[in-house]
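The values are calculated or read from the model by the stated rules, or taken from the named source; none is laboratory data. None of the values given here were measured: they were computed from a predicted structure. Counting neighbours? That spans all protein chains shown, and the Cβs are built from the backbone with ideal geometry, glycine included.
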Amino acid sequence: MASVGTTKVAEKYRQYRPKYPPELFRIIMNFVRGQGTQCSNSNSKYPLAVDVGCGPGLMSTVFLAPYFDKVLGVDISESQIEQATLNNKHRNVEYSISPAESLPVEDNSVTLIQVATALHWFDHEKFYRECDRVLAPGGVIAAFCYSVFITVITERLNSDENMAYKAKTHQFVVGRYSHSEMEIPYPESLRIDDFYFSVKSTIRNFFHFYETTSLAKNFLKEPEIQGWWESCKKRLMKAYGTIKHRRSVDIQI
Ligand SMILES: C[S@@+](CC[C@H](N)C(=O)[O-])C[C@H]1O[C@@H](n2cnc3c(N)ncnc32)[C@H](O)[C@@H]1O
């Protein structure tokens with residue numbers, strides 16, 4: 001995924017991408033506890049979690065810190081790991097450049113593999129083979145994804161002849177990970193479809209966030225699209241009844 005490989009992109013991720021809510025991590029940890037895996041010691045923490053495709057870490061990785069002795073965030077992008085390391089304030093969180101398909105951890109050592117808005121990028125066969133290797137007995141894979149759609153853009157993409165915009169990864173996200181290729185191939189699983197959260201932002205920051213999505217980046221960077229996108233933004237602001245970019249908005253994700 002070369003498009004996330006620049007310092008500028010990693011910095012925008014850190015600035016504009018919303019953090020997942022703590023409630024999500026509580027749900028995940030309840031599932032982990034339900035597997036009967038032993039905590040490592042009297043502090044009731046599990047030994048190791050790996051957040052794969054962690055990006056700058058602040059949205060997903062750090063939320064696991066209270067539950068594990070060690071949390072390792074890995075990402076294939078050097079600049080994402082650079083951002084993550086720069087902003088790391090947790091003693092028990094570390095970051096490392098690594099592909100999802102070859103994780104830098106020992107066999108049977110991981111209690112939780114977390115994947116936040118990244119599973120659609122992986123080579124699934126290789127990734128699950130790697131999960132089989134590293135997960136401890138009773139270990140869990142938790143994958144989730146958010147997606148924000150702006151109807152005018154989706155409509156324009158759907159009417160566009162250029163199939164490049166209809167990448168498979170985009171279809172996985174639009175389909176809310178229900179495509180058979182996105183199924184987690186483990187016998188005991190829990191799928192939650194109705195988890196939403198609300199983010200307070202400004203119109204300006206919402207546009208910045210939207211422009212970090214790969215769909216928007218691939219589509220909106222085209223010079224002939226940029227004027228159209230600017231007019232869409234104006235229409236969206238009109239729909240909010242404002243001309244102020246700093247007007248606050250609630251976004252459901
Ligand atoms: C949409 S971002 C999500 C970042 C972060 N988890 C979040 O939720 O904000 C997807 C991340 O997956 C990483 N990625 C893509 N393919 C990968 C792979 N094969 N192995 C590891 N990381 C990968 C990208 O570099 C990018 O940082």
P56 away from the ligand (no atom under 16 Å from the Cβ) and either farther than 13 Å from V93 by Cβ or under 16 Å from the mean Cα position of the chain (by Cα) (or both):
no
I'm checking my understanding of the structure. Among residues of region 99-127 that are surrounded by fewer than 19 Cβ atoms within 10 Å (Cβ to Cβ) and among the hydroxyl-bearing types (S, T, Y), which one is nearest to the chain's Cα centre (by Cα)?
S102
Which numbered condition trips up T85, out of (1) surrounded by fewer than 23 Cβ atoms within 10 Å (Cβ to Cβ); (2) more than 9 Å from the ligand (Cβ to nearest atom); (3) within 27 Å of P137 (Cβ to Cβ)?
(3)
Considering only region 61-105, how many residues are under 22 Å from F25 (Cβ atoms), assigned to a loop (DSSP other than H, G, I, E, B) and hydrophobic (A, V, I, L, M, F, W, C)?
3
Exactly one of E11, E106, E94 is at pLDDT below 95 and of a type in the set (D, E), and that residue is E11
Look through region 111-146, keep the residues that are in contact with a Pro (Cβ under 8 Å, 6 or more places away or on another chain) and within 16 Å of the ligand (Cβ to nearest atom), and return whichever of them is farthest from G34 (Cα to Cα).
Y146
I need every pair where a residue in region 122-137 that is in a helix (DSSP H, G or I) has its Cβ under 7 Å from the Cβ of a residue that is within 10 Å of the ligand (Cβ to nearest atom), sequence separation at least 6 or different chains.
K126/E101; F127/A100; F127/E101; E130/E101; E130/S102; E130/L103; V134/L103
Looking at L119 and the list (1) of a type in the set (A, V, I, L, M); (2) within 20 Å of N218 (Cβ to Cβ); (3) out of contact with any Gly (no Cβ under 8 Å at 6 or more places or on another chain); (4) at pLDDT 90 or above, which single condition is not satisfied?
(3)
Do you know which residues across region 138-159 are buried (at least 16 other Cβ atoms within 10 Å of the Cβ) and part of a helix (DSSP H, G or I)?
I153, R156, L157
Any residue at all in region 21-37 that is within 15 Å of the chain's Cα centre (by Cα), at negative phi, within 13 Å of the ligand (Cβ to nearest atom) and assigned to a loop (DSSP other than H, G, I, E, B)?
yes
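Do you know which of the residues in region 195-235 that are under 25 Å from the mean Cα position of the chain (by Cα) and of a type in the set (A, V, I, L, M) is farthest from H120 (Cα to Cα)? Let's see the steps before the verdict.
So the first thing to find is which residues in region 195-235 are under 25 Å from the mean Cα position of the chain (by Cα), and the list is 195-222, 229, 233.
Right, trim to of a type in the set (A, V, I, L, M) and you get 199, 203, 215-216, 220.
On the way: V199: 23, I203: 28, L215: 13, A216: 16, L220: 21 Å.
Looking at residues that are under 25 Å from the mean Cα position of the chain (by Cα) and of a type in the set (A, V, I, L, M), I get I203.
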Identify the residue in region 204-218 that is assigned to a helix (DSSP H, G or I) and closer than 13 Å to I150 by Cα and, among all such residues, is farthest from the ligand (Cβ to nearest atom).
F207
